[in-house]
Amino acid sequence: MPINSGFPYPLYLVISERDCAGRPLLWVAEEAIRGGVDIIQLREKEMSNDAFLKQARALKKLTDKFGIPLVINDAVDIAIAVEAWGVHVGQQDSAPLEIAEKFADRLHIGWSLEDIAQLESEQMAAVDHLGLSPIYATATKTDTITEWGIDGISEVRKMTDKPLIAIGRMHAGNAVAALAAGANSIAVVSSICQAPDPRAASQQLKNLLL
Ligand SMILES: Cc1ncc(COP(=O)(O)OP(=O)(O)O)c(N)n1
Ligand SMILES: Cc1ncsc1CCOP(=O)(O)O
Ligand SMILES: [Mg+2]
C-alpha cells in the first residue's frame, strides 16, 4: 500500500542546475520557496553520481530549513542517502513495486503516466501520486510521447483517486484550468527556474492555486 494518498502541495518545483539560467540552484530554490513553492524535486540528468549526491545533500538542508519535502528524480539510492521525502520515477526507471519492496515506509513514490493504459498496471499498487507527463510538449524534456492536454487531466481524474500532478509547459496561463480539470498540483521547471525573478514567479503561480 502507498504510504500516503494525500498531496497537499499545489505548487511543485522541478529544478536542475542546467535550467537555472546561470544562477546558483540553491539561490533559485530559496527564492522559489520564499515565493510559495510547496515541494521541490531535484532532477539532474547530466551530473555524476557524486555531484548529484552533493547537490541533493545541500538542497535537503535548504528544504529542511523551510520544512518542505524534497523529491529526488530517478535515483532511489540518492533519495535514501539524503533521507528525501520521496522519489519520482518514470516508465524507463526503477519500478515502483521494486522500490516499495525495499523501502516500503521510507519514500513516497511518484510515477509518470504517459498513457491511459498504464493506470491498469500492477505498479499502481505501489504508487502514491502520478505525474501526468507531459500536459504540453516542452523544450525542457523532449523525449516524451503525446500530450495529455487539459482534457487528458479530466479523463485520468475520472479513472483514479490518486493525486495528479500536471507537468509540461505549465504556467500562470494554464494552471487554473489544470486544477479545475482535476489536477492536485502543478509542476514547473521553466516558469520559475527561467524567470527573471523566481520568487515573484512563484508568488504569482501560488496565488492562482490557492
Ligand atoms: C512530477 C513529475 N512528473 C513527471 C516527471 C517525468 O519523469 P520521467 O518520465 O522519468 O522523466 P525524467 O524526468 O526522468 O526525464 C517528473 N520528473 N516529475
Ligand atoms: C520533467 C518533465 N516531465 C514531463 S515534462 C517535464 C519538464 C517540464 O518542464 P517545463 O515546466 O519547463 O515545461
Ligand atoms: Mg525518470
Phe7 accessible area, assembled protein chains, probe 1.4 Å, Å²: 20 Å²
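Suppose only helical runs count, i.e. DSSP H with n ≥ 4. What mean residue ellipticity at 222 nm does that imply for the chain under -39500 (n - 2.57) per run, divided by all residues and rounded to the nearest 500 deg cm²/dmol?
-10500 deg cm²/dmol
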Summed side-chain charge close to Thr146 - residues other than Thr146 whose Cβ falls under 15 Å, Lys, Arg +1, Asp, Glu -1: -4
With DNA, RNA and ligands ignored, accessible area of Asp105 (1.4 Å probe; Å², nearest 10): 130 Å²
16 Å Cα-Cα reach of Lys54 towards aspartates and glutamates, excluding residues that sit fewer than 8 places from it in its own chain: Glu17, Glu44, Glu46, Asp64, Asp74, Asp77, Glu83
Nearest-10 value in Å² for the accessible area of His171, using the 1.4 Å probe: 80 Å²
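Using only the heavy atoms of the protein chains and a 1.4 Å probe, how would Tyr12, Tyr136 rank by accessible area, largest first?
Most to least solvent-accessible, the answer reads Tyr136, Tyr12.
Looking at the square roots a ≥ b ≥ c of the eigenvalues of the Cα gyration tensor of the range 11-209, which shape do they give, rounded for a/c under 1.5, prolate if a/b is larger than b/c, or oblate?
It is oblate, given that a/c is not under 1.5 and a/b is not larger than b/c.
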Rh by Kirkwood over Cα pairs, then Stokes-Einstein D for the range 40-124 at 0.692 mPa s and 37 °C, µm²/s: 246 µm²/s
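The values are calculated or read from the model by the stated rules, or taken from the named source; none is laboratory data. Note that the coordinates shown come from a computational prediction; the quantities given were computed from them, not determined experimentally. Counting neighbours? That spans all protein chains shown, and the Cβs are built from the backbone with ideal geometry, glycine included. These area figures cover heavy atoms from the full protein model, side chains too; ligands, DNA and RNA do not enter into them. Shrake-Rupley method; radii C 1.70, N 1.55, O 1.52, S 1.80 Å.
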